[in-house]
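The values are calculated or read from the model by the stated rules, or taken from the named source; none is laboratory data. Because the structure is predicted, anything quoted here is derived from the model rather than measured. Reconstructed Cβ throughout: ideal geometry from the backbone, glycine too, with neighbour counts over all protein chains shown.
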């Protein structure tokens, strides 16, 4: 009888359990990451104890972190973040320093050693770039102003983590000149190699390999492993190497295609990583020492860090709503927190009780992140109402938003056209109609706003659920409202809001799916275009026809059209 390797069964259990609980999470409309972590708990020592060899799964989870960080590095565009450099660099360093110092002082007060206290301080100071990037990407907010700040802070934390990891592994490095010199050389060599590869080597390799789909895929994966090997040979973790390798590929012209090619292997290893986090939870957490530190660590992650980032962002001039969004988005521990905890535990620098406590806190904070991000608007609104009588609006706190929130006077906003979404489709419509009427574009991407303003088209910033902006742009006096944003749920909400404010307002929208088109019509949209069916110019023609004649162009045989639309929507739902 052939003996099946233990690793094969263990990996199979991890993937099967991850898949089952991901399905359950989707059915219950919960974040998939919650399903993965619960799957690990079920498989682990708290559950059915089906995993036999944690060491092998630990190696695979390290690869999971590495691929996650590699993909994140590839998505980082420093040029888009550089305009906020003062806020994110100084603010990010201030938050790390304050949190690490506060936690270290508290830990030492309760009897922990200096190195252990410093470890816990940094574990609690870092936030998860991988989770916030995924959540913001899924919510189509990755290019928004608030997302750029969140990613900027998280990136500063990641770079500090890259430096802190090897220093904490060998604290004597700081005291020995030769070891410190080697460490600084290693950091410099890694980033210098990344720069050289980004400018001279990767562009040629990726351009040549792009001729073959298989070769292109292998070249992308090899780039990740290459920097893992280099980092490991210089004494850094493979996760650090993968992250820097991703940064090196980020500016290559084929980076978007490369990222799409590794999505599946990244998702596979990410599943293993999140399931492995659940696997590491044990009942030894319930020790006297753990029960003392657990609420303290939770308070640091869920209260101290968000409050620090809130005040830093607020005093930087980005307003209260964005400040709350940034603070709540980063109210979780990081992948680097996990790496730090495991490094400290395996090196005997952190006790088992504190290690288990840190893992519980990391997990709980990661699970809570989607809910905190989704509730940021409610939290902001709650505090605004709470302090409404004692706190007046201060322009100082919104000075960075001023150029993105300036609008024509209320007297000028009559018979104007409002466009929600300034992407390629929205900007195209704005440019085509600019001579026909006053145009107001609403978007959340500061680069889009700056581009439109430079063309003398009024463009104003609004977060995804900012209700105030729709009062300021006077929809009740507008002639037409054009919704071009890809988020169908938000588009439907805006149609209902616009029709409530002005029942006679002509509302034009676009949809990617028949189901969304049907729901937009049910919400009383006057004209819905599906670019995949009719093409984008159809919407522009309908708007121009309305401006010239004052009449909405009805679809031919409207009843038949709506019947077919319903049939297509039902077919679409069955396919999904």
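Yes/no matrix, rows are residues, columns are (1) at pLDDT 90 or above; (2) surrounded by fewer than 16 Cβ atoms within 10 Å (Cβ to Cβ); (3) within 15 Å of residue 63 (Cβ to Cβ):
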{"site": "190", "(1), (2), (3)": "no, no, no"}
{"site": "197", "(1), (2), (3)": "yes, no, no"}
{"site": "206", "(1), (2), (3)": "no, no, no"}
{"site": "209", "(1), (2), (3)": "no, no, no"}
{"site": "214", "(1), (2), (3)": "no, yes, no"}
{"site": "250", "(1), (2), (3)": "no, no, no"}
{"site": "254", "(1), (2), (3)": "no, no, no"}
Looking at 93, 142, 168 in this structure, which one is assigned by TED's automatic domain parsing to the domain that holds residue 351, closer than 19 Å to residue 316 by Cβ and in contact with a helix residue (DSSP H, G or I) (Cβ under 9 Å, 6 or more places away or on another chain)? 93
Can you pull out every residue in segment 447-481 that is in a loop (DSSP other than H, G, I, E, B) and at pLDDT below 85? 462, 463, 464, 465, 466, 467
Go through (1) crowded, with 17+ Cβ neighbours inside 10 Å; (2) without any contact (Cβ under 8 Å) to a residue 24 or more places away in the chain; (3) under 25 Å from the mean Cα position of the chain (by Cα) for residue 424 and report which single condition fails. (1)
For residue 62, only one of the following conditions fails: (1) surrounded by fewer than 16 Cβ atoms within 10 Å (Cβ to Cβ); (2) within 23 Å of the chain's Cα centre (by Cα); (3) assigned to a helix (DSSP H, G or I). What is its number? (1)
Selection from segment 487-525 of residues that are in contact with a helix residue (DSSP H, G or I) (Cβ under 9 Å, 6 or more places away or on another chain), under 20 Å from residue 476 (Cβ atoms) and outside any helix (DSSP H, G or I): 502, 505, 506, 507, 508, 509, 523, 524, 525
What pairs come out if I take residues in segment 364-390 that are under 16 Å from residue 327 (Cβ atoms) and pair them with residues that are modelled with pLDDT under 70 and outside any helix (DSSP H, G or I) whose C-beta lies under 7 Å away, six or more apart or interchain? 377/465
Being outside any loop (DSSP other than H, G, I, E, B) and free of Cβ contacts under 8 Å to residues at least 40 places away in the same chain is the filter; apply it to segment 23-48 and report the residue that is farthest from residue 281 (Cα to Cα). 27
Please determine whether any residue of segment 456-473 is farther than 25 Å from residue 377 by Cβ and either surrounded by fewer than 19 Cβ atoms within 10 Å (Cβ to Cβ) or touching a strand residue (DSSP E or B) at 6+ places or on another chain (Cβ under 7 Å) (or both). yes
Condition (residue is in a helix (DSSP H, G or I) and at pLDDT below 85) applied to segment 428-446: is it met by at least one residue? no
Considering only residues that are out of contact with any helix residue (DSSP H, G or I) (no Cβ under 9 Å at 6 or more places or on another chain) and modelled with pLDDT of 70 or more, which ones fall in segment 539-565? 541, 542, 545, 546, 548, 549, 550, 563
Inside segment 216-231, the number of residues satisfying the requirement of being surrounded by fewer than 18 Cβ atoms within 10 Å (Cβ to Cβ) and in contact with a helix residue (DSSP H, G or I) (Cβ under 6 Å, 6 or more places away or on another chain) is 1
The lone condition residue 307 fails out of (1) surrounded by 20 or more Cβ atoms within 10 Å (Cβ to Cβ); (2) at pLDDT 85 or above is (1)
